[in-house]
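Input: a single structure, listed below in structure tokens.
The values are calculated or read from the model by the stated rules, or taken from the named source; none is laboratory data. Quantities reported herein were computed from a predicted structural model and do not represent experimental measurements. We place every Cβ from the backbone using ideal geometry, glycine too, and count neighbours over all the protein chains shown. Ligands, DNA and RNA are stripped out before the accessible areas are found, and what is left, the full protein with its side chains, is counted by its heavy atoms. Shrake-Rupley method; radii C 1.70, N 1.55, O 1.52, S 1.80 Å.
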Amino acid sequence: MGEGMRRMRGWVVGAVLACAMAAPTVSGQEVVAFENVTVLTMDDDRRMEGRTVLVEDGLITRVGAAGSVEVPDGALRIDGRGRFLMPGLAEMHAHVPPTPNPPRELLEDYMFLYVANGITTIRGMLGQAYQIELADELEGGDLLGPTFYVGAPSINGNSAPTPDDAERLIRAHAGAGYDLQKIHPGVSRESWDRMVAVAEEVGLTYGGHVPADVGLEHALATGMSTVDHLDGYVTAVASEGVQAQVSTGTISLGGLVEGAEEARIQEIIRRSLEADVYVVPTQYLWESLYAGRDPDEYLGLPEMVYVSSEQREAWRQQGSGGPQGTPEELEAFFDLRDRILVELADAGVGILMGTDSPQLYNVPGFALHREIAEMEGAGMTRDQILRSGTVEVARYVGDHLGLADNFGTVAEGNRADLVLLEEDPLEDLDHLTGRVGVMVRGQWVSAEEISAGLDALAAKHAR
Ligand SMILES: [Zn+2]
């Protein structure tokens, strides 16, 4: 949707969290000052020490040396000494329920889980009409939660069996005000090409899966703006012979991985950079989908208390299919994905943080921190990882969604989407979970409020 359609209604009230929270929230502070804080701007990797950051009406209005910023009377003053202030993170492959009119409480719980985990931006990857209104509510401050970029219902082999269907859908989705078009497998090359032409005309970008008939190289050449799950990459870097076997379904996972060619990897990375594509790797999900570990390993994780027993049971069913290859094949497969990811990042291709939550074992919000650990395990640098959840997201939103990109860095004029941490995340990414509080569009949510909300959620699901 265009920014113009969204209402800016200024101040956000704290009461919006009340449903999820056991304790009352701090509310109504018009001005907030983070004093004497070390700022990680994410503009570059420089730390700015001894700053005071002023937030007024949901925007960052001043970033200056602590002594030089005048804090207005009545401002909420937050002590930043020894602490680190950085932009909020983004979940760029979220699934907000795709069914019409889902339970309001579920939506509120999801939005709270994102905020509780320092996430101030999400991109929804399967649309439904109500989500456009929900995005407006979030933006207007009627519901506390991240800024929500809304992907449309999917174009796939079933929804768009012909080019005419693809055209009809993309026109309808642009008209309805979605922010991007979601792609699933099964789209023919013909339907794809029609979709691309119409998407350009109506000004809607597209991302998601790479349909097999389209292939990664054609998807890149025709301007796909995000490739999610690294979809298509492992096939695209394989030799021609192996690619032919993939299309006939006659190759094992091991054979596919062995087919990777050095020259092909370099070629695909070069084309990705040229195409200005962004990659949302979802490494944590791919691990759990392919490795087929015992569901109890995942269902015993601490964050599982924040989802319903029905959700956990659905994951148990979904996850009990077993591994999709031998241990050696799986290791080689994950190594190749890691290598492609790191080479893409090193080459300067935009990488975006995302998980596919609440897909298999991905608890909204918490899953992003599992993904961050996977990205680091793959070999991305801490700086690359933090950028993938902040400044790169703003660049994607500005360049590909055509929407305001005033977030993702700590800078005057930007949305006050911030996380205050006890310790430096550039030294250890685990420090991302040591929060003093989270700020969403200027609304401060303290660590105490976050834990009270989480406790209330756990208690509800334990009943
Ligand atoms: Zn998805």
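Annotations for the structure displayed:
- Angle between the chain longest axis and helix 366-378 axis [Cα atoms, degrees, rounded to 10]: 60
- Amide proton proximity set for ARG62, modelled H, under 5 Å, gap of 5+: LEU54
- Ranking VAL393, HIS173, PRO153 by Cα position along the charge dipole of the range 92-401, where only Lys, Arg, Asp and Glu carry charges on their C-beta atoms, puts HIS173 farthest toward the positive end.
- Compared with the dominant principal axis of the Cα atoms in the chain, helix 189-202 is inclined by about 30°.
- Around the amide H of VAL419, modelled in the peptide plane, lie the amide H atoms of MET86, GLY88, MET439, all under 5 Å away and 5 or more residues distant in sequence or on another chain.
- Check: the chain dipole with +1 on Lys, Arg Cβ and -1 on Asp, Glu Cβ, in debye: 920
- In the distance distribution for the range 362-463, Cα-Cα pairs more than 17 Å apart total 63 percent.
- Karplus 3J(HN,Hα) series, Hz, for the range 181-187 with 6.51 cos²θ - 1.76 cosθ + 1.60 (x for Gly, Pro): 9, 8, 10, 10, x, x, 6
- With every protein chain in place, the range 119-213: carbon and sulfur % of accessible area (1.4 Å): 48
- Value of D in µm² per second that Stokes-Einstein yields for the chain, Kirkwood Rh from Cα pairs, at 20 °C (1.002 mPa s): 94
- Relative to the longest principal axis of the Cα atoms of the chain, the long axis of helix 309-318 lies at roughly 20 degrees.
- Extent along principal axes [Cα atoms of the range 270-398; Å; largest to smallest]: 43, 33, 22
- Modelled spin-label separation between ALA404 and GLN318, with each label point placed 7 Å from Cα along the Cα-to-Cβ direction: 3.4 nm.
- Positive end of the dipole of the chain (Cβ unit charges, origin at the Cα centre): among LEU107, ILE450, ALA94, the Cα lying farthest that way belongs to LEU107.
- Per residue, the accessible area of the chain comes to 38 Å², computed with a 1.4 Å probe over protein heavy atoms only.
- Entry for the range 51-195 at q = 0.14, 0.16, 0.20 Å⁻¹: log10 I(q)/I(0) = -0.77, -0.90, -1.16, Debye formula applied to identical alpha-carbon scatterers, no solvent contribution.
- DSSP bridge orientation in the range 92-401 - percent antiparallel, rounded to nearest 5: 5
- Dividing the summed helix terms, -39500 (n - 2.57) for each DSSP H run of n ≥ 4, by the number of residues in the chain produces a 222 nm estimate of -11500 deg cm²/dmol to the nearest 500.
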